[in-house]
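The next block holds one structure in the form of C-alpha cells; read it before the comments.
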Amino acid sequence: MSVAKVALAIGAVAAGLGVGWAAEGRIAAVAVPAVVIAAANGYSKAYSP
Amino acid sequence: MAAALPVGRLSRCVWLLAAYIVPAVTAWILLGLLVSVLPLRAAALTLIVVYGLFYGPLEVAGRARPAPPGSRWQVPSGWVLSVSRWRKTVIWGSMLGPGFATRNPYAGFWLLPLAVAAVGDLRSGVLLAAAIGVAHAAGRALALMRSVRMVNETDYLQSVLTRMYWRAFDGYALLAVAGVSVMEWVYRL
C-alpha cells in the first residue's frame, strides 16, 4: 500500500474520531455514514461482475 | 439483465424504484426490529471497530483476500425465464434491493446491520434500518437505470477502474466509521 493511501487511511480514522468526539455520543454520527455507505454500496454493485 | 428491464419512461422508472425499495424497506425494518430488541449495542459497537479496522485497510489496498463475508448466490435463471418483464423486475427487486441474498463484493455492506444494532433503541433502530433499506435499494435501482442508458461493451477497463475507486471509498468509509464508533463507545457505554 502506498504512503498516500496509508496517510489517507489514518486520516479517515482520525476524521471519524473527530466527528465522534464532536457528536458526543449522538447516534447520528454512526447513522449518517451508515446510510451513505448503504447508498454507495447499492450503487457501486453495478460495477461488480 | 439491464437491457431487458422496463425503464425509459418516468412511470417505468418509478415502478423500478418501487420494486427495489419496497422489499428492501420491509426486510430492513424486520432486521431493525430483531436487532433492536436485543441488548446488542455494546457488542455491535465493538464489532464495528474490529470489522472496520480489519476490512478498511484491505479495501483501501485492493486486497482480494480475505474476501468480505457474503454468498455467491445469484438469482436462478429459471426464476426469470419465460416470465413477463414486470414480474422479472419484481423478482430482481426483491432479491437485489435488500442486498442480503446476493453477492456483496464490498465489505461495507455487513457493517450496516451492525450499525442498526449499535443504535440500541427500538424506534431509532427501525428508522435507521428503513433509511438503509431505501438508500441501498435506490442506489441499486438508479445504477441499473444508469447502466441501461450508458451501456458500452468496450469500456470494460473503465468499469474495472471504477470498481477499484468504489472499493477504496468503501475502505475509507469503514475506517472513518470505526473511528466514530470508538468515540461512541467512550461516550455511551
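The values are calculated or read from the model by the stated rules, or taken from the named source; none is laboratory data. Not measured: the values here are computed from a predicted model. Here the Cβ positions follow ideal geometry from the backbone for every residue, glycine too, while neighbour counts run over all protein chains shown.
Taken over region A:1-35, residues that are farther than 14 Å from B:I48 by Cα and not in a helix (DSSP H, G or I) amount to 5.
Scanning for something at the interface with chain A (Cβ under 7 Å from one of its Cβ atoms) and farther than 30 Å from A:A4 by Cα, does region B:160-181 turn up at least one residue? No, that holds for no residue.
Considering every residue within region B:113-127, establish whether at least one is assigned to a helix (DSSP H, G or I), in contact with a Phe, Trp or Tyr (Cβ under 6 Å, 6 or more places away or on another chain), under 29 Å from B:L33 (Cβ atoms) and of a type outside the set (G, A, S). The answer is no; no qualifying residue exists. The numbered conditions (1) within 9 Å of chain A (Cβ to nearest Cβ); (2) part of a helix (DSSP H, G or I); (3) of a type in the set (G, A, S) are all true for B:G99 except (2).
Every residue, every condition in (1) under 18 Å from B:F109 (Cβ atoms); (2) at the interface with another protein chain (Cβ under 7 Å from one of its Cβ atoms), yes or no:
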site	(1), (2)
A:M1	no, yes
A:A4	no, no
A:L8	no, yes
A:A15	no, yes
A:G18	no, no
A:I27	no, yes
A:P33	yes, yes
A:A38	yes, yes
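Applying a threshold of 6 Å to beta carbon distances and a minimum spacing of six or more residues, or different chains, the list of pairs starting in region B:34-48 at a residue that is of a type in the set (A, V, I, L, M) and ending at one that is surrounded by fewer than 18 Cβ atoms within 10 Å (Cβ to Cβ) and at pLDDT below 90 reads B:A42/B:L189. Of all residues in region B:160-189, none satisfies the criterion of being basic (K, R) and modelled with pLDDT of 95 or more.
No other residue among A:A38, A:A22, A:A14, A:A4 is surrounded by 14 or more Cβ atoms within 10 Å (Cβ to Cβ) and among the small types (G, A, S) apart from A:A38.
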